[in-house]
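Participant: Below are the structure tokens for one structure; questions will follow.
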Amino acid sequence: MKPAAFKYIAATSLEQALSLKAEYGDEAKFLAGGQSLMPAMNFRLAQPAVLIDINRIDGLGDVRRHNGGGAYVGATTRYRRLERDAGFAGMFPLIAEALPHIAHPQIRTRGTIGGNLSHADPASELPAIAVALGARLCIQSARGERWCEARDFFAGPLTTDLQPDEMLVGVELPLPHPRSGSCFMEVARRRGDFAIVGIATMITLGERNECAEVRLAFCGVGETPIDASSAADTVVGQALTEEAVREVAESIQTRIDPGGSVHATASYQRHIAAVLTERAMQTAYQRARNGH
């Protein structure tokens, strides 16, 4: 199939791109990697009147490490760049572990971080990872700049907090605390498919190997990425035992409301969510103890 007719504009500056978005509003879409947008246009599920190509904008794909820790990732940064950056992987092992699960190498070569987050597919891995890491999103319009916590950015399926004249321009990633361990796991029908259930886990330990903080975020089990960290409140201040992990996993099943699909019933998704919770928490805990 072919897309409906549209006007194409290649923006050469961020100011021009934001001015065009202010002019056309919801009738315009930004084009970066196009890995989600172009198929939707070809099937005429999306019919923007204007495409604003932002690939030529200097600095929008920069990755900057902060001296005080953490990093800033520009919106047009390709997955592949992060996948090949050993230094970035060392700072954010949760992202490094998840990247090979995202689609296929060809898509990761073109797909962008900002495009993925703005698309807000609830089965996608990156939104859940952003929530688990406590990321902050930088949003700009011709009116100015604002910041949004990742947990507040996703409003519904394919829906975000972005206003018609705004663009997600970058992601601020805080450096994980010392003595932290992470784990990403998912179950998918085939390698590269969207997750039936996916979990991003971060555990920070105290001086006696007790859990000081536990973050649990899921993809594929709700209309947005699900922050289920409160299910682990019972283990904070304690060492992580098998019984404690099992209780958290049981609690997870009551906190998610998966819709089911042709590939998995809702009850199966709940079961898998519990299984992955146990495995991911145990793995993250051991990594934190071992200093990985």
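Participant: Kindly indicate which of Arg279, Arg270, Arg289, Arg208 is charged (D, E, K, R) and assigned to a loop (DSSP other than H, G, I, E, B).
Facilitator: After ruling out the rest, the residue left standing is Arg208.
Participant: For the range 23-37, which residues satisfy the criterion of being under 26 Å from the mean Cα position of the chain (by Cα) and surrounded by 15 or more Cβ atoms within 10 Å (Cβ to Cβ)?
Facilitator: Ala28, Lys29, Phe30, Leu31, Ala32, Gly33, Gly34, Gln35, Ser36, Leu37
Participant: Based on what the data block shows, is Arg65 surrounded by fewer than 18 Cβ atoms within 10 Å (Cβ to Cβ), within 13 Å of Leu173 (Cβ to Cβ) and touching a Gly at 6+ places or on another chain (Cβ under 8 Å)?
Facilitator: Answer is yes for this residue.
Participant: Would you confirm, using the coordinates I've provided, whether Glu83 is among the acidic types (Asp, Glu) and over 26 Å from Leu37 (Cβ atoms)?
Facilitator: no
Participant: Shifting gears a bit: Suppose the filter is in contact with a Phe, Trp or Tyr (Cβ under 8 Å, 6 or more places away or on another chain), outside any helix (DSSP H, G or I) and not small (Gly, Ala, Ser); does Ile95 pass it?
Facilitator: no
Participant: What residue, among those in the range 250-263 that are crowded, with 19+ Cβ neighbours inside 10 Å and among the aliphatic types (A, V, I, L, M), is farthest from the chain's Cα centre (by Cα)?
Facilitator: Ile252
Participant: Any idea which of Glu166, Glu186 is touching a helix residue (DSSP H, G or I) at 6+ places or on another chain (Cβ under 8 Å), assigned by TED's automatic domain parsing to the domain that holds Gln269 and among the charged types (D, E, K, R)?
Facilitator: Glu186
Participant: Count, please, the residues in the range 225-239 that happen to be touching a Lys or Arg at 6+ places or on another chain (Cβ under 9 Å) and modelled with pLDDT of 95 or more.
Facilitator: Going through the range 225-239 one residue at a time, the tally reaches 8.
Participant: While we're on this one: Can you tell me how many residues within the range 211-261 are touching a residue at least 60 places away in the same chain (Cβ under 8 Å), outside any loop (DSSP other than H, G, I, E, B) and over 19 Å from Tyr285 (Cα atoms)?
Facilitator: 2
Participant: Restricting attention to the range 194-210, does a residue exist that is surrounded by fewer than 18 Cβ atoms within 10 Å (Cβ to Cβ), assigned by TED's automatic domain parsing to the domain that holds Ala103 and farther than 30 Å from Val262 by Cα?
Facilitator: So far as the range 194-210 goes, no, none of its residues is surrounded by fewer than 18 Cβ atoms within 10 Å (Cβ to Cβ), assigned by TED's automatic domain parsing to the domain that holds Ala103 and farther than 30 Å from Val262 by Cα.
Participant: Among the numbered criteria (1) farther than 26 Å from Arg189 by Cα; (2) under 15 Å from the mean Cα position of the chain (by Cα); (3) surrounded by fewer than 17 Cβ atoms within 10 Å (Cβ to Cβ), which one does Val73 miss?
Facilitator: (3)
Participant: Give the residue that is farthest from Gly259 (Cα to Cα), with candidates limited to residues of the range 138-147 that are in contact with a strand residue (DSSP E or B) (Cβ under 8 Å, 6 or more places away or on another chain) and surrounded by fewer than 17 Cβ atoms within 10 Å (Cβ to Cβ).
Facilitator: Filtering the range 138-147 for residues that are in contact with a strand residue (DSSP E or B) (Cβ under 8 Å, 6 or more places away or on another chain) and surrounded by fewer than 17 Cβ atoms within 10 Å (Cβ to Cβ), the one farthest from Gly259 (Cα to Cα) comes out as Glu145.
Participant: Residue under question is Arg44, and the condition is that it be within 28 Å of Ala89 (Cβ to Cβ) and loosely packed, with under 13 Cβ neighbours inside 10 Å; does it hold?
Facilitator: No: the conditions fail for Arg44.
Participant: Okay, moving on. Across the range 86-137, which residue is nearest to Gly156 (Cα to Cα) among those that are of a type in the set (Val, Ile, Thr) and buried (at least 24 other Cβ atoms within 10 Å of the Cβ)?
Facilitator: My answer is Val131.
Participant: Can you tell me which residue within the range 137-161, out of those that are within 20 Å of Pro225 (Cβ to Cβ) and aliphatic (A, V, I, L, M), is nearest to the chain's Cα centre (by Cα)?
Facilitator: Ala150
Participant: Name the single residue, out of those in the range 163-180 being assigned to a loop (DSSP other than H, G, I, E, B) and acidic (Asp, Glu), that is farthest from Ala150 (Cα to Cα).
Facilitator: Asp165
Participant: Any idea which residue in the range 164-193 is surrounded by the most Cβ atoms within 10 Å (Cβ to Cβ), counting only those that are closer than 19 Å to His101 by Cβ and under 13 Å from the mean Cα position of the chain (by Cα)?
Facilitator: Phe184
The values are calculated or read from the model by the stated rules, or taken from the named source; none is laboratory data. The shown structure was predicted, so the numbers you read here are calculated from the model rather than taken from an experiment. Every residue, glycine as well, gets a Cβ built from its backbone with ideal geometry; the counts of neighbours run over all protein chains shown.
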